[in-house]
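Q: One structure coming up, written as structure tokens, with questions to follow.
What follows draws every value from the coordinates through simple rules; no lab data is involved. The model shown is predicted, which means the values in this text are computed figures rather than measured ones. Positions of Cβ are generated from backbone atoms using ideal geometry, with glycine treated the same way; all protein chains shown enter the neighbour counts.
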Amino acid sequence: MENYIVSARKYRPMTFDTVVGQGALTVTLKNAIQSGRLAHAYLFCGPRGVGKTTCARIFAKTINCLTPLPNGEACGVCESCKAFNEGRSYNIHELDAASNNSVEDIRQLIEQVRIPPQIGKYKVFIIDEVHMLSQAAFNAFLKTLEEPPQHAIFILATTEKHKILPTIMSRCQIYDFKRMGVDDIIGHLKNVAEKEGITAEDAALSIIAQKADGGMRDALSIFDQVASFCGGNITYQRTIENLNVLDYDYYFRLTDYCVEGKITECMLTLNEILSKGFEGQYFITGLSSHLRNLLVAHDPQTTALIDAGEEVRAKYQAQAQRCAPKFLFRAMKLANTCDLNYKQSQNKRLLVELTLIEMAQLSSDDGEASGLCPTKILKPIFKALRAQQPEAQPVQQEKKQDTATAQVQPKNETVQASHPAAPSVANAHAPSLRSFSLRRSAQQNQQQQQTEEMQAAAVVNEERPFNEVELTIAWREFAAALPQEDTAMSHRMHNIEPALQEDGTTFLVIADNPSILNELEHMTPRIETFLRQRLHNGKVHMTLRLREVTDKRKVYSRRETYQMLLEQSPVLRKMREAFLLELA
């Protein structure tokens, strides 16, 4: 049994022309060799597995070739090239700075620099992961790096350029290696598969290329792994099974369901994905990338930004024509919000389900929205399942009432509905999905507004007198009734004491700073309406001004506060009489 060599080593490039995805850098190095303009120090930067060390070895081999070819490549047959290919060349020295990062290691390297080469013109010193050198080692290396002997060339390679000292970078020619494109990786994998006698589907190679994240070495390692699993016939289904990758067909199907408003299908598809062991956050991040690719596919000029094979790009372009950019933009914001809130959520499945439900409502929403959710309420979800269940008489009457209400409303308004969810959609531990109404209907908002207007009109003609204590109690009631998002303003209003003026209906509020004054000005209509109703006086009016140095805060004593509470709470008065309570 012959020794097996992994593809990453077996098919490592030996010439500049065989380097994949770094055309600009290889041409620059070849031209420098042909013109004889060689620098004494180079810095190769870039992600892992993109060819930094490989290019450094090819460069060292080429500059020492005794009979270089006209195109700038090494001949491969001279003594120097043979020694290099067989790993016995004394003109190339590699140092792993990750494990040899001390001052003593650099001093030994400097001693080797003084010895001239026996064959060839140059001695090349390749220091890999150079950012791992200690501060003292960098300082010991500075002088030699700045003025080395004529026969010495240094090539420093690193994946973290920002950790290199500026004094080191200023002494080197810097070459930035880029990530491998998906198309470049797929092309190289096809060549390897052909040489190895392996059949591979393009979709499977595309998955491997995306999984490699721009690194050719990672791509070849994954290729070997999948080839062993598939037995020499690499298919798309076997590849995603081996790599535990979610089939992108799920994303295409879910997007179609959302565009068509098929919430039931969305929920069942999510349940299928979760039953296969995929995490909800993994799914939602994949859906975000899918929606981003659809948005990019709308313009032929930006289609190249999709990191996928030609076959998959064609599917993106086809589906993008069925999705409006407005829908995609809002869906992306929903998915991004779900991703941000996923770790903090106590019911992660419900969070993802609600996100899909809102996405499925976006296509039917024509009003103005912030992009995070539809402006309308959610429509009935499980229509087909509800139709199969026997309906009781009250339900039929409710349905008739909803139909009559829908005829009164405009066509572009949706009636709020709440139906029981199917037991098979969510597991037994998930909360009930009996109601998916996330927004109040336009009819309810209109009815509430009419009720408030009627109540406000009812107190216009009332002129019941009130005192400052009653005014303060009503003021604090308004502050306590503010919604949760106005908690800060509620606390500020509790610390403010309204002062009743001589006319008995106007009261003065003194704000501590311009910010509070501005907020109170915006809330003035609401405050006056509330106080007029609570105090039964239609002439209640509020005036505002900033606090001055001479203003004094009115502080109620314990007895005054007790009297205010007695006037406010009948229950407290009954307890006082029943238990004969008195303030100590």
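Q: Could you tell me what percent of the DSSP beta bridges with both partners in the stretch 468-553 are antiparallel, to the nearest 5?
A: On the way: 2 of 8 bridges.
Here the antiparallel bridges make up roughly 25 percent for the stretch 468-553.
Q: In whole percent, what relative contact order does the stretch 125-257 give with Cα contacts below 8 Å and a gap of six or more residues?
A: Taking the mean separation of contacting Cα pairs over the length of the stretch 125-257, I get 19 percent.
Q: When ILE185, ILE164 are ordered from fewest to most other Cβ atoms inside 10 Å of their Cβ, what list results?
A: So the residues, fewest neighbours to most, are ILE164, ILE185.
Q: Taking Cα centroids, how far is the stretch 133-152 from the stretch 456-526 in Å?
A: 75 Å
Q: Now, a different point. What ranking do 569-575, 264-270, 329-335, 304-310 get when scored by the average of other Cβ atoms within 10 Å per residue, highest first?
A: 329-335, 264-270, 304-310, 569-575
Q: Right, next: May I ask you to order 525-537, 190-202 by the average number of other C-beta atoms within 10 Å around their residues, highest value first?
A: Result, highest mean first: 525-537, 190-202.
Q: For the stretch 262-323, what relative contact order do you get, as a whole percent, if you take Cα pairs closer than 8 Å and at least 6 residues apart?
A: RCO, the stretch 262-323: 26 percent.
Q: Now for a separate question. For the stretch 478-524, what does the alpha-carbon gyration tensor say about shape, rounded, prolate or oblate, given a ≥ b ≥ c as the root eigenvalues, a/c under 1.5 as rounded, and a/b over b/c as prolate?
A: prolate
Q: Fewest to most neighbouring Cβ within 10 Å: what's the order for PHE478, PHE327?
A: Values: PHE478 17, PHE327 20.
By the 10 Å Cβ count, ascending: PHE478, PHE327.
Q: Using Cα-Cα distances under 8 Å and only pairs 6 or more residues apart, what relative contact order does the stretch 7-176 have, in percent?
A: 30 percent
Q: Can you sort GLU353, GLU470 by how many other beta carbons sit within 10 Å, fewest first?
A: Ordered by Cβ neighbours within 10 Å, fewest first: GLU470, GLU353.
Q: Please identify which residues in the stretch 183-223 have an amide N closer than 17 Å to a label point set 7 Å out from the Cα of ASN233, following the Cα→Cβ vector.
A: Those under the cut-off are 194, 197-205.
Q: Now a separate question. What does the charge count near PHE84 come to, summing +1 for each Lys or Arg and -1 for each Asp or Glu among other residues with Cβ under 11 Å from its Cβ?
A: Computed value for this residue: +2.
Q: Residue farthest toward the positive end of the dipole of the stretch 7-176, with Cβ of Lys/Arg at +1 and Asp/Glu at -1: which of ASN91, ILE106, MET169?
A: It is ASN91.
Q: What does the C-alpha gyration tensor say about the overall shape of the stretch 240-313? Classify as rounded when a/c is under 1.5, otherwise prolate if a/b is larger than b/c, or oblate.
A: Cα axes put the stretch 240-313 in the oblate bin.
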